[in-house]
Amino acid sequence: MSEVLAKYLPEHSVEICFELIKANRVHLKIVNERQTRHGDYRKGLSGKHEITVNANLNKYRFLITLIHEIAHLVAFEKYGRNILPHGVEWKMTFQRLMMPLIRPEIFPHSVLPLVANHFRNPTASSDTDAKLAFALKQFDERKPDVHYIHEVPSGSMFRIKNGRVFLKKGLRTKRYECVEVKTGRIFLFNANAEVEIIPG
């Protein structure tokens, strides 16, 4: 199992993650990309703890996702099934499990302070932490036609993954206001949303 983990995780995190998987009797499945989630945890009908993580994640995002899901398992086992999935008990558990991993030999210097800051009060998804999400994306394999919305000039059109087309207006606080061309409805996008620019 640790040889498999070594393909997906930062080198110095493999042993820690392997021990967590073993100690909590996790059945880990590395699966094809899902658009809506990076990973998930469920207790199977047989009582087996099943965790899935997307295979296409870069090693730092894979690590955070794996620990996120193990934190669900540990929190449910310790505090019972009636706790909120991303409530106080889960946050405390996630922080405790991540602490030994927030080290310079695991995370690059461009990401480490952002990870440390995020884990003061972790959210249900690291994607909602725009600075951390953007820093992590720098390690993704990037397709040449994919841009971030902050790279799209104002007044330009762009397409998102599901094919919907938008016109970028301007920045509203931290997010970009865009108009869906077909409906005229206004949507707000995080700065690091991935889009395809439509040539003008």
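The values are calculated or read from the model by the stated rules, or taken from the named source; none is laboratory data. Treat the numbers as computed from the prediction; the structure is a model and nothing was measured. Don't worry about glycine lacking a Cβ; one is built from the backbone with ideal geometry, like all the others, and counts go over all protein chains shown. We work out accessible area using only protein heavy atoms, side chains counted, and drop any ligands, DNA or RNA first. Shrake-Rupley method; radii C 1.70, N 1.55, O 1.52, S 1.80 Å.
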On the given criteria, is Lys182 over 23 Å from Ser126 (Cα atoms), of a type in the set (D, E, K, R), free of Cβ contacts under 8 Å to residues at least 40 places away in the same chain and not in a loop (DSSP other than H, G, I, E, B)?
no
Going through region 42-63 in order, the residues found to be open to solvent by less than 30 Å² (accessible area, probe 1.4 Å), farther than 23 Å from Asn162 by Cα and in a strand (DSSP E or B) are His49, Ile51, Thr52
Pairs where the first residue, in region 103-128, is more than 21 Å from Ala191 (Cβ to Cβ) and the second is polar (S, T, N, Q) and modelled with pLDDT of 90 or more, C-beta under 7 Å, 6+ apart
Ile106/Ser13; Phe119/Gln95
Of everything in region 129-145, what is open to solvent by less than 20 Å² (accessible area, probe 1.4 Å) and in contact (Cβ under 8 Å) with a residue 40 or more places away in the chain? Give them in sequence order.
Ala133, Leu136
Which one of these does Ser110 not meet: (1) surrounded by fewer than 20 Cβ atoms within 10 Å (Cβ to Cβ); (2) among the small types (Gly, Ala, Ser); (3) within 14 Å of the chain's Cα centre (by Cα)?
(3)
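For region 19-28, which residues satisfy the criterion of being farther than 24 Å from Val111 by Cβ, of a type outside the set (A, V, I, L, M) and loosely packed, with under 12 Cβ neighbours inside 10 Å?
Residues of region 19-28 that are farther than 24 Å from Val111 by Cβ, as a first pass: 22-27.
Now narrow it down to the ones that are of a type outside the set (A, V, I, L, M): 22, 24-25, 27.
Lys22, Arg25, listed by residue number.
To keep it simple, each residue is scored yes or no on (1) modelled with pLDDT of 90 or more; (2) not basic (Lys, Arg).
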{"residue": "His109", "(1), (2)": "yes, yes"}
{"residue": "His118", "(1), (2)": "yes, yes"}
{"residue": "Thr128", "(1), (2)": "no, yes"}
{"residue": "Gly155", "(1), (2)": "yes, yes"}
{"residue": "Ile160", "(1), (2)": "yes, yes"}
{"residue": "Lys169", "(1), (2)": "yes, no"}
{"residue": "Asn192", "(1), (2)": "no, yes"}
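Suppose we keep only residues that are under 24 Å from the mean Cα position of the chain (by Cα) and closer than 24 Å to Ala135 by Cβ within region 154-171. Which one would you say is most open to solvent (accessible area, probe 1.4 Å)?
Of the residues in region 154-171, the ones under 24 Å from the mean Cα position of the chain (by Cα) are 158-164, 171.
Restricting the remaining residues to those that are closer than 24 Å to Ala135 by Cβ gives 158, 160-161, 171.
Numbers: Phe158: 0, Ile160: 37, Lys161: 141, Leu171: 105 Å².
My answer is Lys161.
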Candidate set from region 130-153 (those that are part of a loop (DSSP other than H, G, I, E, B) and of a type in the set (Val, Ile, Thr)); member that is modelled with the lowest pLDDT:
Val146
Which ones in region 69-92 are in contact with a His (Cβ under 8 Å, 6 or more places away or on another chain) and either crowded, with 21+ Cβ neighbours inside 10 Å or of a type in the set (Val, Ile, Thr) (or both)?
Trp90
Residues that are surrounded by 14 or more Cβ atoms within 10 Å (Cβ to Cβ) and of a type outside the set (A, V, I, L, M, F, W, C): does region 29-36 have at least one?
no
